[in-house]
Amino acid sequence: MRSSVLTALAALSLTTTSFAQTPPVLPDDQAQMKAHVLFLASDALRGREAASPEYRIAAEYVAAQFSAAGLAPAGDAGGYLQKVPLVAFHPADHGDVVLTRPGTAPQPFVFAEDYTPGAIAGAARTTLDAPVVFVGHGLVAPRYKRDDYAGVDVRGKVVALFAGAPASFQSEERAHFQSPATKAAIAAAHGAVGVIVLSRGTLPPGGGGWDRARTTWARPDGTGEMQGAPMLATLSAGGAAKLFAGARTPWKMILAKASDGEARFTAEALGTNLAVAIRTAFEPGTSANVAGMIRGSDPALGKEVVVLSAHLDHLGVKAEGTGDLIYNGAEDNAVGIAALIEEAKRFKASGKPPRRSVLFLAVTAEEKGLVGSDYFARHPTVPIRSIVADVNLDMPILSYPFEDMTVFGADRSTLGPIVAKAVGTLGVTMSPDPDPAQGIFVRSDHYRFVQQGVPSVFLWPGQKGPGKAATAEFFAKRYHQVSDDLAQPIDWAQGIRFVNANYAIAREIADGDARPRWNKGDFFGLLYGGYGAKWSWHLAFTFPAKAGVQ
């Protein structure tokens, strides 16, 4: 009996202590936002990796919240989910790369010493035997007076090129041009059948990471979606020297010149063939985007759609190690999804439907290369031509009282002034990109809408006042780390300010008289045939649409 009493008293003492340590009760709106993040970033969801059972639970949770917010289903077959077929792909083995030159015996290249094979999404087996043409960095950029393909015919041939793009290019445009996908698309537009990437040094020991799996969305035959010429292999400087042996321009001269990032090369046929055989292994998976819609009230404008997007997936669980192994992804991007849900509730609570329709979209596989958003943009559940804007929420850092907002892409379309007006009513200003070299504009899900010609912006709390230090700390200590969890400081009041700012932006776009349009002459507007950007047939041919950044 005495023991039981003491046990009960001890329990009561612990309960009393627990109550004493409970944090202050949050206002309802902050508590609701926090509740979403508590669930989505919990250990139980094991990092929400795309195609995992835990990701499916997260998707069902978002679908339920969209329903509670009064959104109509906008996924497949009258539901909230859009099935996204995924496929992971990687080289099945080392492959074969053999150099042939008239009058000499075939010369096999040595794996990990001379080359590492590419991962080719579009075919289980890729074989070819074709002449090789050197094309510098493989760029064609008329506005920079750059054509690395000038003077050569690469139809039916393999192009050899260096990675990267000149630092003198505008930062977002440079990020586009240095993308392997862009280089592959330019090569294909000129008729090339494959791409070889040239290195200026040695390859990592053992080919380091050569067999790493990549992910894209799957075609009906089980292979992966692929744009452009296949990336066949990466050559070391030693392998490149073998390739250039006997060429008009010696490899030593090319290599010395390549140290200058602004260097221009004269394209030339190398007088050699490469016989390449690459085998690719595929592992299928299934994931889902989540889509809900508020129908527009205006008889004409209601046919137009404003998309508000955020990615739901994160990195899953570490493959090995001890201790905490779960990438919870609280800021990246449970907070963004929570903001999306709470923004939807703002529309319902207003009692006033928007003039344009608004589609709320939680996408999968962002962490695997913007895959879910690419799938939606290519297989939209509403006509792609009806989508007039995308506003993307990805990893808003909410550990400080933000004084401004950074809006990537604001200077490229009329969305910039719309956003400035909306956030200005909340006492928040807009600031320019604090680190243009990062090319953030092409690195999140909104870019997949840009590639379909849709004016788009991506918003972050800005770096005025305490923002710069807080942002730097997050990237140094928590970005893509297991420490991006609920133990970090998240200021839920700032979360509500972020929701309010985004609601004001979405409402301004949805209710405005004029459809958002690209600024005339904007690079991306021209590149992808966007509304208002004076289409150029020359650019359309030179830079095929959908040459995206992975």
Report task. Starting from the Cα-Cα distance between Ser483 and Leu325, subtract it from 0.36 nm times their residue separation and give me the gain in nm to one decimal. Result -> 55.9 nm
Report summary line: Amide H proximity to Gly194 below 5 Å, modelled H, separation 5+ or other chain, gives Val159
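Apply 1/(1 + (r/R0)^6) to the Cβ-Cβ distance of Lys303 and Asp221, taking R0 = 41 Å, and write down the FRET efficiency to the nearest 0.05.
On the way: r = 35 Å, r/R0 = 0.86.
Step by step, r from the Cβ atoms, then E = 0.70.
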Requested in this report: Per residue of region 496-506, in order, report the coupling 6.51 cos²θ - 1.76 cosθ + 1.60 (Karplus, θ = phi - 60°) as ³J(HN,Hα) in whole Hz, putting x for Gly and Pro.
Outcome: 5, 4, 5, 4, 4, 5, 5, 5, 4, 5, 4
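Averaged over every viewing direction, what's the projected area of the C-alpha convex hull for region 320-386? Give it in nm², one decimal, please. Mind dumping the intermediate values first?
On the way: hull surface 26.9 nm².
Approximately 6.7 nm², given one-decimal rounding.
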Query raised in the report: Could you give the radius of gyration (one decimal) and Dmax (whole number) of the Cα atoms in region 89-282, in Å?
Result: 16.0, 47
Requested in this report: Express in nm, to one decimal, how much length is gained between Ala241 and Ala150 on full extension, taking 0.36 nm for each residue of separation and deducting their alpha carbon distance.
Outcome: 30.4 nm
Query - Relative pair counts by distance (%), Cα atoms of region 417-512, 10 Å bins - result: 13, 38, 39, 10, 0
Report task. State log₁₀ I(q)/I(0) for the chain at q = 0.11, 0.13 Å⁻¹ as given by the Debye formula over alpha-carbon point scatterers of equal weight, solvent excluded. Result -> -1.01, -1.32
Query - Karplus 3J(HN,Hα) series, Hz, for region 452-465 with 6.51 cos²θ - 1.76 cosθ + 1.60 (x for Gly, Pro) - result: 9, x, 8, x, 8, 9, 9, 10, 9, x, x, 10, 6, x
**Report entry** Total charge dipole magnitude, region 356-429, about the Cα centre, Cβ charges on Lys, Arg, Asp, Glu only, Debye to nearest 20
**Finding:** 380
Query raised in the report: Could you give the nm distance between label points at Ala256 and Arg125, where each point is 7 Å from its Cα heading toward the beta carbon?
Result: 4.5
Query raised in the report: Going down the list Lys421/Lys464; Lys464/Lys534; Lys345/Lys477; Lys345/Lys464, which pairs span over 25 Å between their C-alpha atoms?
Result: Lys464/Lys534; Lys345/Lys477; Lys345/Lys464
Report task. Taking the Cα centre of region 89-282 as origin, sum charge times position over the Cβ atoms of Lys and Arg (+1) and Asp and Glu (-1), and report the length of that vector in debye to the nearest 20. Result -> 300
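Multiplying the sequence separation of Ser386 and Ala68 by 0.36 nm and subtracting their Cα-Cα distance, what value in nm do you get?
Working: separation 318, 0.36 × 318 = 114.48 nm, distance 2.56 nm.
The Ser386-Ala68 span can extend by a further 111.9 nm.
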**Report entry** Distance (nanometres) between label positions extended 7 Å along Cα→Cβ at Phe39 and Glu403
**Finding:** 3.7
Report summary line: Taking a crude spin-label model, label points 7 Å out from Cα along the C-beta direction, the Leu426 to Ala163 distance in nm is 3.8
Query - Angle between the chain longest axis and helix 415-424 axis [Cα atoms, degrees, rounded to 10] - result: 30
Report task. Name the long-range amide H neighbours of Phe109: under 5 Å, sequence gap of 5 or more, or other chain; modelled H, no Pro or chain starts. Result -> Val97, Val98, Leu99
Report task. Output ³J(HN,Hα) for region 438-448: one whole-Hz value per residue in order, computed from phi by the Karplus curve 6.51 cos²θ - 1.76 cosθ + 1.60 with θ = phi - 60°, and x for Gly and Pro. Result -> 6, x, 4, 4, 9, 10, 9, 4, 4, 5, 5
Query raised in the report: So what are the radius of gyration and Dmax for the Cα set of region 205-309, in Å?
Result: 23.6, 70
Requested in this report: Give the residue from Phe134, Tyr115, Val97 lying farthest towards the positive end of the charge dipole for region 89-282; charges sit on Cβ (+1 for Lys and Arg, -1 for Asp and Glu) and the dipole is referred to the Cα centre.
Outcome: Phe134
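Read-outs throughout are calculated quantities, based only on the coordinates presented, and are distinct from any laboratory measurement. Just so we're clear, the structure is a prediction, and the values are computed from it rather than from any experiment. Backbone-built Cβ (ideal geometry, glycine too); neighbour counts: all protein chains shown.
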